[in-house]
Amino acid sequence: MDVLTGRTQAELEELLGPSSGPAPLPPYRAAQIFRWISRGARSFEAMTDLPRELRAALGERFSLSSVEAAARLREPGDETEKLTLRLRDGLGIEAVLLSDGAGRKTACLSSQAGCPMGCVFCKTGSLGFRRNLEAAEIVEQFLRLRDGPGDAPRDISRIVVMGMGEPLLNLGELRQALAVLTSPGGCGISKRHITISTCGMAEGIRDLAEHGPRVGLALSLTTADEALRRRLMPVSAAHPLTELKKALRYYQAREGRRITLEMVLLEGINTRKADAEALEDFVRGLETVVNLIPWNAVEGLSFERAPLRSPGSGELAAFTGELARRGIKATMRRRKGSRIGGACGQLAGDLGTGSYSLQSAGRIATPPKRS
Ligand code: SAH
Ligand code: SF4
């Protein structure tokens, strides 16, 4: 059955109107349906301003959902929530709801099931790549994250595409999903409140600069030391830093927006003076803010046979001091959601055979106590 979620209002008008055969619907009906979907309606029955016969007819031809069920985990204390969605082909993907101190909520969405880039510090990367997500599967992450414990959807005003996968390898479907999510007749998320994070696909950055959407950009730099970066992010070998910097400058000249540089910090690896020096060189000529992310633990990951670790407070202070001395603006990301495996780089879902057991769909569970 055709899924209606993930289509723009104009596409719904076309699908339900002229191209739908003997009983085309007028555009205002498509607008109503689009609004209901954007509000999170789970069935055509719930669309109470549509005639009953129309709801039944729609239900026979179309489906609203491309995900089967959901499990939720909430991090006690910081309101982070991780949602697992089961896709129609059995794969499980994850999305995260983040809350900041001011109570603003951000949806962190996945763009792929798994990831082909193989960054050594990242759980998703260690799982390999299964497939690109469809627009509907991206939109539904947002809609289902927004369902709260109560009846009314929660207010989520921001989106970061920083979940599983490399978004710029799935730019077509992501574009479509963002067109739906930013539509004023639907969820109405402002493009200024959306950020896409890439591990550094230079062509993708240019494509984004030229064809939009005009959203914020974050680059997972990790280190500006080229040789070290290649060892940590194997696929970066295809995109030397000089080429990446050119792409960023091009993007910035068009967008005028500050670019975020994300640096996951690994004990004794990328917090050296040499890393600060290389970074100083890299940011010259760019408007950037550096976002430092102390590594979130992922069991079993190592770098050239040594287990990875998060830097201690002394090492962090020394590195931030080094950046400050060089006039580099940096903020430290607060660790959130790590107990539920929902922090940066911990997302895994279930990309296996579908043996994953579904928890009570939609209900919020808290994680088992750690011993
Ligand atoms: N693939 C895209 C989008 C995912 S964003 C990208 O890499 O940019 C995920 C962010 O979390 C990236 O900045 C990545 O560097 C960071 N990250 C990955 N593994 C991590 C870990 N174990 N701890 C902290 N940050 C991690
Ligand atoms: Fe993929 Fe990003 Fe993880 Fe690297 S950090 S493996 S690009 S999801």
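Cβ-Cβ distances below 7 Å connect the following pairs, each with a first residue in the range 306-318 that is part of a helix (DSSP H, G or I), a second residue that is away from ligand 2 (no atom under 16 Å from the Cβ), and a separation of six or more residues or different chains: Glu315/Glu267; Glu315/Thr271.
Residue count for the range 293-305 satisfying the condition of being among the hydrophobic types (A, V, I, L, M, F, W, C), open to solvent by 30 Å² or more (accessible area, probe 1.4 Å) and not in a loop (DSSP other than H, G, I, E, B): 0.
Looking only at residues in the range 159-174 that are touching a helix residue (DSSP H, G or I) at 6+ places or on another chain (Cβ under 9 Å) and not in a helix (DSSP H, G or I), the one that is nearest to ligand 1 (Cβ to nearest atom) is Glu166.
If you filter the range 125-138 down to residues that are open to solvent by less than 30 Å² (accessible area, probe 1.4 Å) and farther than 19 Å from Asn270 by Cβ, you find that the one that is nearest to the chain's Cα centre (by Cα) is Ile138.
So which residues in the range 213-233 are basic (Lys, Arg) and over 15 Å from Ile259 (Cα atoms), if there are any at all?
Arg229, Arg230, Arg231
Quick one: would you say Arg154 is at pLDDT 95 or above and more than 16 Å from the chain's Cα centre (by Cα)? Judged against the criteria, Arg154 is not a match.
The values are calculated or read from the model by the stated rules, or taken from the named source; none is laboratory data. From a predicted model like this one, the values you see are computed outputs, not experimental measurements. Backbone-built Cβ (ideal geometry, glycine too); neighbour counts: all protein chains shown. Side chains included, ligands, DNA and RNA excluded: accessible areas come from the protein's heavy atoms. Shrake-Rupley method; radii C 1.70, N 1.55, O 1.52, S 1.80 Å.
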